[in-house]
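For reference, the structure discussed in these notes is given below.
The values are calculated or read from the model by the stated rules, or taken from the named source; none is laboratory data. What you see is a predicted model; the values in this text were computed from it and never measured. Virtual Cβ from ideal backbone geometry, glycine too; neighbours counted across all protein chains shown.
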Amino acid sequence: MAAAILARQRNEEFRNLSLSGHVGFDSLPDQLVNKSISQGFCFNILCVGETGIGKSTMMDTLFNTSFEGEAASHSEPGVRLKAQAYELHESNVRLKLTLVDTAGFGDQINKEDSYKPIVEYIDAQFEAYLQEELKIKRSLFNFHDTRVHACLYFIAPTGHSLKSLDLVTMKKLDSKVNVIPVIAKADTISKSELHKFKIKIMSELVSNGVQIYQFPTDDETVAEINATMNVSCCPCT
């Protein structure tokens with residue numbers, strides 16, 4: 001009698017849960033996708049280039065959105081980094097986007113230290129993330145990751161060689177961030193001039209030991225186009 005009562009009490013302690021669908025390890029990819037969608041994706045872009053070279057227009061075109069920002073000025077006393085955070089939605093996917101602009105880059109007479117504020121900013125974001133990881137009670141889920149994922153380096157469409165400022169800055173950045181050189185306003189020069197300019201740029205980057213981002217070629221669907229991108233700069237029209 002006592003055993004029957006004990007068994008009845010144990011059964012009452014358990015809850016019967018109805019499954020919403022199939023449960024198995026084959027559903028793990030779907031679970032990861034759903035988790036990523038619910039959390040949203042984080043993407044931080046650093047745009048480096050001279051004032052008026054077309055950085056804002058490029059970002060508007062890339063994300064098909066009109067981002068509001070301050071008007072560019074050529075009277076900045078030094079390089080000032082401006083980070084603007086946005087939240088974009090496409091279908092049911094949420095993107096937490098941060099665009100970092102380099103106001104005043106290349107506008108000074110003495111450009112020797114123009115790269116320093118950019119390097120300091122990148123290092124500061126790494127340090128902030130490291131300090132969060134080192135906490136006893138860390139909360140990376142709610143932590144806004146500001147580490148730069150990609151640096152779009154805008155090159156003036158002169159048709160000639162790279163400027164010393166470009167080479168020095170890209171060399172200082174290539175060990176800290178994925179550097180992607182972009183020829184700004186590429187539609188202002190002819191196709192033949194653009195092709196020659198690309199070859200000239202790549203030759204100078206190699207000879208100066210500048211490491212730029214290499215697009216992955218392990219996916220067959222994009223291997224061909226990515227391989228082409230790896231041997232040339234990205235034109236921006």
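Is it true that Asp101 is surrounded by 12 or more Cβ atoms within 10 Å (Cβ to Cβ), in contact (Cβ under 8 Å) with a residue 40 or more places away in the chain and outside any loop (DSSP other than H, G, I, E, B)?
Answer is yes for this residue.
Specify which of the listed residues (Thr158, Thr65) is under 22 Å from Ile37 (Cα atoms) and either assigned to a loop (DSSP other than H, G, I, E, B) or of a type in the set (Phe, Trp, Tyr) (or both).
Thr65
With respect to Ser66, is the statement that it is more than 23 Å from Leu165 (Cβ to Cβ) and not aliphatic (A, V, I, L, M) true?
Criteria met by Ser66.
All but one of (1) more than 16 Å from the chain's Cα centre (by Cα); (2) of a type in the set (S, T, N, Q); (3) not in a loop (DSSP other than H, G, I, E, B) hold for Gln84, so report the exception by its number.
With respect to (1) more than 16 Å from the chain's Cα centre (by Cα); (2) of a type in the set (S, T, N, Q); (3) not in a loop (DSSP other than H, G, I, E, B), Gln84 is out only on (1).
Name every residue in segment 87-117 that is under 15 Å from the mean Cα position of the chain (by Cα) and within 18 Å of His144 (Cα to Cα), in order of residue number.
Glu87, Leu88, Leu95, Lys96, Leu97, Thr98, Leu99, Val100
Looking only at segment 17-62, how many residues end up being in contact with a Lys or Arg (Cβ under 6 Å, 6 or more places away or on another chain), over 16 Å from Pro181 (Cα atoms) and assigned to a loop (DSSP other than H, G, I, E, B)?
First, the residues of segment 17-62 that are in contact with a Lys or Arg (Cβ under 6 Å, 6 or more places away or on another chain): 40, 42, 47, 49, 54.
With over 16 Å from Pro181 (Cα atoms) added as a condition, the list becomes 40, 42.
Narrowing the set further to residues that are assigned to a loop (DSSP other than H, G, I, E, B) leaves 40.
Qualifying residue count, segment 17-62: 1.
For (1) under 30 Å from Ala184 (Cβ atoms); (2) loosely packed, with under 11 Cβ neighbours inside 10 Å, each residue gets a yes or a no:
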position	(1), (2)
Leu17	no, yes
Ser20	no, yes
Gly24	no, yes
Asp30	no, no
Val33	no, yes
Ile37	no, no
Cys42	yes, no
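Here is a check on your reading of the model: is Asp30 of a type in the set (Asp, Glu), modelled with pLDDT of 75 or more and over 30 Å from Phe154 (Cβ atoms)?
Working: of a type in the set (Asp, Glu): yes; modelled with pLDDT of 75 or more: yes; over 30 Å from Phe154 (Cβ atoms): yes.
Here the answer is yes, as Asp30 does meet what is asked.
Only residues that are part of a loop (DSSP other than H, G, I, E, B) and under 22 Å from Leu46 (Cα atoms): list them for segment 141-152, please.
Phe143, His144, Asp145, Thr146, Arg147, Val148, His149
Give the residue, chosen from Asp145, Asp60, Asp123, that is more than 13 Å from the chain's Cα centre (by Cα), acidic (Asp, Glu), at pLDDT 85 or above and farther than 21 Å from Ala184 by Cα.
On the way: Asp145 fails: more than 13 Å from the chain's Cα centre (by Cα); Asp60 fails: farther than 21 Å from Ala184 by Cα.
Testing whether each residue is more than 13 Å from the chain's Cα centre (by Cα), acidic (Asp, Glu), at pLDDT 85 or above and farther than 21 Å from Ala184 by Cα leaves just Asp123.
Just one of Val168, Val182 is touching a residue at least 24 places away in the same chain (Cβ under 8 Å), of a type in the set (Val, Ile, Thr) and part of a helix (DSSP H, G or I); which is it?
Within the list Val168, Val182, the selection yields Val168.
Would you call Asn92 at pLDDT below 90 and on the phi > 0 side of the Ramachandran plot?
For Asn92, the condition - at pLDDT below 90 and on the phi > 0 side of the Ramachandran plot - is not met.
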